[in-house]
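Here is the structure we will look at.
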Amino acid sequence: MWHDYTQALITAFGLAGLGFAIGKLVVVFGERAIEKRHGTSGVRDAIVRRAKLETKLEARRTDRLTELKEADGAVEDILRRRKVLERQMRDSQLAGERLVRLIGEEVKGMPCYIAMVVNKYVGTANFQQKPHAYIDPHWSQPQTVEVWAKSMADARAEVERRFPPAFGYAITRMQDVGAADVPTAKAG
């Protein structure tokens, strides 16, 4: 029985060696046929050139992928900036429709103050959110008032004279625009 196994193993190795030898002969004769057709050094040089070309193309592909990712990032940034600019443009178009009330006249050297004024009675009439009978509903939100006065106290007094607290008007914020920001043309 061991003898049969040994015989089978030797036969298997012999057949494997014979198959390897036949394959090697096919490769050697194939190489010689190709070398005869294209020349001895031409095939080897072409293989070397193509191998170098393949590595260069792979490096170029990697570079292009990196550039593509950077370009995608730049496009996303530009689209984000575009949305922000479109939103700012919409806001500025709407801001052009906002009413700015002026008190006083622009005199060179006199500062301009911006006051935000609301009316506390608007929107609370009869506790049912009915529109106020005499006051515009926009007064429920802060309204911009530009005041030209000598000082902050004078500006506050002018705003309170024009929009009296007794009628529900209240100044929520007041700030000095500054002499550098004052336009030279008369506001009106």
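The values are calculated or read from the model by the stated rules, or taken from the named source; none is laboratory data. What you see is a predicted model, and the numbers here were worked out from it, not measured in a lab. In this analysis, Cβ positions are derived from the backbone assuming ideal geometry, glycine residues included, and neighbour counts consider all displayed protein chains. Accessible surface areas use protein heavy atoms only, side chains included; no ligands, DNA or RNA. Shrake-Rupley method; radii C 1.70, N 1.55, O 1.52, S 1.80 Å.
What are the residues in region 136-181 that are open to solvent by 70 Å² or more (accessible area, probe 1.4 Å) and either basic (Lys, Arg) or part of a loop (DSSP other than H, G, I, E, B) (or both), if any? Answer for region 136-181, where residues must be open to solvent by 70 Å² or more (accessible area, probe 1.4 Å) and either basic (Lys, Arg) or part of a loop (DSSP other than H, G, I, E, B) (or both): Asp136, Gln141, Lys150, Arg156, Arg161, Arg162, Arg173, Ala179, Ala180, Asp181.
Just one of the listed residues (Glu54, Glu31, Glu58) is touching a helix residue (DSSP H, G or I) at 6+ places or on another chain (Cβ under 9 Å), assigned to a helix (DSSP H, G or I) and of a type outside the set (Ser, Thr, Tyr), and it is Glu31.
Consider region 68-122 and keep the residues that are touching a strand residue (DSSP E or B) at 6+ places or on another chain (Cβ under 9 Å) and modelled with pLDDT under 80. The one that is least open to solvent (accessible area, probe 1.4 Å) is Val100. Just checking, does region 88-105 include any residue being over 30 Å from Ile171 (Cα atoms) and out of contact with any Cys (no Cβ under 6 Å at 6 or more places or on another chain)? No, region 88-105 contains no residue that is over 30 Å from Ile171 (Cα atoms) and out of contact with any Cys (no Cβ under 6 Å at 6 or more places or on another chain).
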